[in-house]
Amino acid sequence: MKSFARLTIPYIIWITVLIVIPMLMIVLYAFTKDGTLLSFSFTLDNFLRFFQDAIFPSVLWRSLVIAVVTTIICLLIGYPVAYGIAKMKNHQQATIILLITFPMWINMLVRTYAWRGILSASGLSADMKVYIGMVYNFLPFMILQIHGSLSKMDNSLIQAAYDLGANKLETFKRVVLPLSIPGVLSGITLVFLPAVSSFFIPKLLGGGDFVLIGNLIENYFITTNDWNFGSAISLIMAIVVLVSMYLTKRADKNVGESEDA
Amino acid sequence: MKKLISFKNVVKEFNGNVVLKGINLDIYENEFVTLLGPSGCGKTTLLRILGGFLDATSGSVLFDGTDISKVPAYKRPINTVFQKYALFPHLNVYDNIAFGLKIKKEPKDIIEQKVMRMLSLVNLEGFEKRNVTLLSGGQQQRVAIARALVNEPEVLLLDEPLGALDLKLRKEMQRELKRIQQEVGITFIFVTHDQEEALTMSDKIVVMKEGEIQQIGTPTDVYNEPVNTYVATFVGESNIIEGTMLADRQVRFDDKNYECVDTGFKQNEPVDIVIRPEDIDIVPLRQGILNGTVKSVLFKGVHYEVMVETVSGTSKTVKMHVNANHDTTNPDAGEKISANDFFIDLEDLTDDLTDADLITRASAQAWDENDELLSISKVSHTFENKPGSYAVTFETAKGTAISVKAIVIEPDNLEDEKTNTGIAAYDFTVTIDDIKDSVALDTDLKMWANATAWSLEDDSPIDIVEVDYDFDDETIAEGSYSITFRTKGRVFKIHTTDKVEEDARVALKFAPEDIHVMRKEVG
């Protein structure tokens, strides 16, 4: 076992260089101003600036709303689809899953461009276009996660529920649904995280003035070249994401422990 | 007792595969019924039809006189203990057991009372908050039983529930299940392939085979009066002998007449006879009714399992010619090759005769300089379709070759009408090293002599169980040796608590009532 553990060393180096160090730099940038890596002074100005100007919190709020609504739509569409697929015969399931993953073989950016073409003459509002783009892009993650937990469910559990007097609806409510919660939660995580931070979908589909938190960050890093403020926004968003992930984890535990309806 | 369940001519097909071939079976109140049979006999299918998880292709299932074929599983007054228990992993012990009561929307305090009573019935008091996935197999089993029984079903179905438990726990659960069944006083239908389990717990055993019921009876009926060889071999151990019924209370097998207690057969009707191993006594010579030789003695704990041969098998003796080693060396390739002259039956000279057969018969082998075995890549021969002596040449890829004589002879089969056995074996030649290097000498001798035996009735192969010779394979020298190949004769399995010596001559004794005569199975 020990010698296998050594196989992770290249990966640890990799994430240290490419993830941990840049993260630390973001933290550093967020709490400093001006200067370079050699001469800098600590400050909380970047955060004050974010919360003093009403526009920034409102963008954050808008991003969260769009991500939450996207996640809910994906869940509402994804669960029935995943459930339907899990009820099919094995080879049919494989085919449908293949069809669902098929579009992912094409770059997400390219697909979003395609949607821009499709939706340009539709006359839909910018919000609608962004929702369509988001749901389209992230729905497969929801379906695959839920399908994963449904398809590996032991069929004898469902039979046991029937045997104990539960009809189809009750069996779903008391057995199938609770047992699929882990899949639902990981589906939610996998949709919510990219949705909250996505910047090219709103940019391509929402038009130039459709700004979400991802666009803000992109803007401050690339256009304005204000890395300190960009880092502060990134950090704020990271905290929001961490809190929401923690809440999801808690929800998972609660479902595991308490039952009763 | 009141009749509770009736299967009426139930047939089940899966994709044209008939799994149940018209089952008729009545089950009464308060019975512990066991469906016994090997896997694939349809016992689980029958149970699932009763549970409502499968529909019968035709026929009907009556419950209390009404057809329940159309009643869905969740409306039947029947609960099931599943093979792998199927406990709900997201619920604790209490909630698993309370599942059915909550569905019925019973008041909370009633639910609690009932669950607690069940927990004490299955001896799991204090386990209500436990996580079911962390329980042992036996405990999960108990939860599954409690979860089913708490609904107060009229019938409890148990689908091989003890299969996953170890032996000691299984015995404990057998007693436990029987106790629970007697305490709650409802019908248990238990599916198993374990005959001992069936005998221990059941009021009634239903022996099944390939979708058909073979016998229905109490454990003692099924054990003492099996209706055919299938039931006799499946339930308990047995000696099965083919014989003829001469008249009422008189049966003949192995050329001798015996008194028995069975009647109602036609005169000279061919029958199967079963004698249980524990019903035969080993006594000194001249005090029994059959003489025989002790072939093996196995210690089984409570008793010895002794095999006694009363009629010896069919045998054939051949000569083995042992030559000095005579490798041919090919110094150019650094290889050595050896092979022996051999005899071969004219009938074997067909197109089916492969190079590999000839290599085996001649015991042809080649080595490189490191003594690693090489493959023989080419075999050439000059066989004609008549007796005589022909050359056979074996060659390696590098051209190291050896030629030997193959002597083709007329078939020389020995046919024994009494035991209905044919046997053939041929003289053969080997080298000293062949014998010394042999890992499994008996098997090699059979191969070199091409010893085979078959049934004269249907040509099916019969095992050669004995190879007799009187040389020591460690110190063998050149010369000729006799080797005898023998099939199994009439061997009785006997369970006794007295130890006997192997190879001793003994007599066997059994009473007329120990002989149980059965009709031949049709088909």
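The values are calculated or read from the model by the stated rules, or taken from the named source; none is laboratory data. No experiment lies behind these values; they were computed from the predicted model shown. Positions of Cβ are generated from backbone atoms using ideal geometry, with glycine treated the same way; all protein chains shown enter the neighbour counts. Remember, those area values only see protein heavy atoms, side chains included, never the ligands or the DNA or RNA. Shrake-Rupley method; radii C 1.70, N 1.55, O 1.52, S 1.80 Å.
Just one of B:Phe299, B:Phe253 is open to solvent by less than 40 Å² (accessible area, probe 1.4 Å), out of contact with any Lys or Arg (no Cβ under 7 Å at 6 or more places or on another chain) and over 30 Å from B:Phe471 (Cβ atoms); which is it?
Only one candidate passes the filter, namely B:Phe253.
In this structure, does A:Ile217 turn out to be touching a helix residue (DSSP H, G or I) at 6+ places or on another chain (Cβ under 6 Å) and modelled with pLDDT under 90?
So A:Ile217 fits the description; yes.
If we scan the range B:439-446, do we find a residue that is assigned to a loop (DSSP other than H, G, I, E, B), modelled with pLDDT under 85 and open to solvent by less than 100 Å² (accessible area, probe 1.4 Å)?
Taking every residue of the range B:439-446 in turn, none turns out to be assigned to a loop (DSSP other than H, G, I, E, B), modelled with pLDDT under 85 and open to solvent by less than 100 Å² (accessible area, probe 1.4 Å).
Applying the selection to the range B:101-154, what residues are within 14 Å of chain A (Cβ to nearest Cβ), loosely packed, with under 13 Cβ neighbours inside 10 Å and of a type in the set (Val, Ile, Thr)?
B:Thr133
Identify all residues within the range A:200-236 that are within 22 Å of A:Asn107 (Cα to Cα) and crowded, with 23+ Cβ neighbours inside 10 Å; write none if there are none.
Scanning the range A:200-236 gives A:Ile201, A:Pro202, A:Leu205, A:Leu212, A:Gly214.
Take the range B:420-436 and flag every residue that is on the phi < 0 side of the Ramachandran plot and open to solvent by 50 Å² or more (accessible area, probe 1.4 Å).
B:Asp427, B:Asp433, B:Lys436
From A:Leu119, A:Leu144, A:Leu157, grab the single residue that is within 14 Å of another protein chain (Cβ to nearest Cβ) and among the hydrophobic types (A, V, I, L, M, F, W, C).
Testing whether each residue is within 14 Å of another protein chain (Cβ to nearest Cβ) and among the hydrophobic types (A, V, I, L, M, F, W, C) leaves just A:Leu157.
Looking only at the range A:133-142, count every residue that is open to solvent by 50 Å² or more (accessible area, probe 1.4 Å) and under 17 Å from A:Tyr113 (Cβ atoms) and tell me the total.
1
Being open to solvent by less than 50 Å² (accessible area, probe 1.4 Å) and either within 25 Å of the chain's Cα centre (by Cα) or away from chain A (no Cβ under 14 Å) (or both) is the filter here; which residues of the range B:155-168 pass it?
B:Leu158, B:Asp159, B:Glu160, B:Pro161, B:Leu162, B:Leu165
Would you tally the residues in the range B:474-501 being of a type outside the set (Phe, Trp, Tyr), surrounded by 13 or more Cβ atoms within 10 Å (Cβ to Cβ) and over 30 Å from B:Met245 (Cα atoms)?
Residues meeting the conditions: 4.
Which numbered condition in (1) farther than 15 Å from B:Asp514 by Cα; (2) charged (D, E, K, R); (3) over 22 Å from the mean Cα position of the chain (by Cα) is the only one that B:Asp262 fails?
Here B:Asp262 clears every test but (1).
May I ask you to list the residues in the range B:368-379 that are out of contact with any Gly (no Cβ under 8 Å at 6 or more places or on another chain) and open to solvent by less than 50 Å² (accessible area, probe 1.4 Å)?
B:Ile376, B:Val379
Scan the range B:280-317 for residues that are closer than 14 Å to B:Ala507 by Cα and either in contact with a Pro (Cβ under 9 Å, 6 or more places away or on another chain) or not in a loop (DSSP other than H, G, I, E, B) (or both) and report the count.
Residues that pass the stated criteria total 15.
Does the range B:348-358 contain any residue that is farther than 22 Å from B:Ile462 by Cα and open to solvent by less than 30 Å² (accessible area, probe 1.4 Å)?
yes
Can you tell which of B:Glu197, B:Glu237, B:Glu172, B:Glu183 is surrounded by fewer than 20 Cβ atoms within 10 Å (Cβ to Cβ) and under 23 Å from B:His495 (Cβ atoms)?
Of the residues listed, the single one that is surrounded by fewer than 20 Cβ atoms within 10 Å (Cβ to Cβ) and under 23 Å from B:His495 (Cβ atoms) is B:Glu237.
Starting from residues that are modelled with pLDDT of 90 or more, of a type outside the set (Gly, Ala, Ser) and part of a loop (DSSP other than H, G, I, E, B), keep the ones in the range B:502-523 and report whichever is surrounded by the fewest Cβ atoms within 10 Å (Cβ to Cβ).
B:Phe510
Test A:Pro194 against the criterion of being over 22 Å from B:Pro77 (Cα atoms), within 14 Å of chain B (Cβ to nearest Cβ) and touching a residue at least 12 places away in the same chain (Cβ under 8 Å), and give yes or no.
Here the answer is no, as A:Pro194 does not meet what is asked.
Residues that are of a type in the set (S, T, N, Q) and open to solvent by 40 Å² or more (accessible area, probe 1.4 Å): does the range A:79-94 have at least one?
Yes, the range A:79-94 contains at least one residue that is of a type in the set (S, T, N, Q) and open to solvent by 40 Å² or more (accessible area, probe 1.4 Å).
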